[in-house]
Amino acid sequence: MDIDTTTLIDDYFACWNATDAADRAAAVARTWTEEATSTDPANAVAGHDELTAMFAASQEAFPGHRFRQVGGADSHHQLLRWGWEMLDADGARVLDGIDVAIVADDGRLSALAGFFGAELPPAVVATAS
């Protein structure tokens, strides 16, 4: 994959962390394709309007919280994955997870699947080996 994954992931976190509606909408437009989907245990959305609403709802539900990348990123073909954490206003981790995304030819995200928890549950690890 010949894209700047660092900038793409930084832009992804800008979507979550932007407190200004115009900044959030701009981050969504530069980070996600128009038909993009995002699914995690708490959300299943599609398109810029639903993505922007999801990020705004997170800001409203968790004021002062922010998301950031944990560790590096891994990619092959059009797939990209990274770890993340959500920090409260005091900087304490309240949630973490892993995101796996499909990157479109234009370098934006076209689909994302998010998982809470940075490690696989023991039952999954046992069956995967």
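The values are calculated or read from the model by the stated rules, or taken from the named source; none is laboratory data. Keep in mind that what you see is a predicted model, and the values were worked out from it rather than measured. Heads up, the Cβs are rebuilt from the backbone with ideal geometry, glycines too, and the neighbour counts pull from every protein chain shown. Just the protein is used for accessible areas: all its heavy atoms, side chains included, with ligands, DNA and RNA removed. Shrake-Rupley method; radii C 1.70, N 1.55, O 1.52, S 1.80 Å.
Our coupling estimate for the range 53-69, obtained by passing each phi through the Karplus curve with A = 6.51, B = -1.76, C = 1.60 and θ = phi - 60°, is 5, 4, 5, 5, 4, 5, 4, 5, 6, 10, x, x, 7, 8, 10, 8, 6 Hz, Gly and Pro reported as x. For the pair residue 92 and residue 76 in one chain, pulling the backbone fully straight at 0.36 nm per residue adds 2.5 nm over the alpha carbon distance.
Gain in length, residue 42 to residue 105, computed as 0.36 nm per residue apart minus the alpha-carbon separation, to one decimal in nm?
Values: separation 63, 0.36 × 63 = 22.68 nm, distance 2.78 nm.
Between residue 42 and residue 105, full extension yields 19.9 nm more.
When the range 1-113 is described by a simple charge dipole with +1 on each Lys and Arg Cβ and -1 on each Asp and Glu Cβ, the residue from 48, 95, 29 located farthest towards its positive end is 95. Across the chain, Cα pairs under 8 Å and at least six residues apart give a relative contact order of 22 percent. GNM remark for the chain: springs join alpha carbons under 10 Å apart, and the peak mean-square fluctuation among 28, 103, 70 falls on 70.
If you put +1 on each Lys and Arg Cβ and -1 on each Asp and Glu Cβ, how big is the dipole of the chain around its Cα centre, in Debye rounded to 20? It would help to have the intermediate numbers written out before the result.
Numbers: 7 positive and 21 negative charges, 50 e Å.
Approximately 240 debye in magnitude.
If you roll a 1.4 Å probe over the heavy atoms of the protein chains, what accessible area per residue do you get for the chain, in Å²? Let's see the in-between values first.
Working: 7190 Å² over 129 residues.
Ligands and nucleic acids excluded, the figure is 56 Å² per residue.
With K and R counted +1 and D and E -1, the other residues having a Cβ less than 12 Å from that of residue 14 yield a net charge of 0. Using a cut-off of under 19 Å, list every residue of the range 87-119 whose amide N is near the label point 7 Å from the Cα of residue 35 along the Cα-to-beta-carbon line. Those under the cut-off are 101-113.
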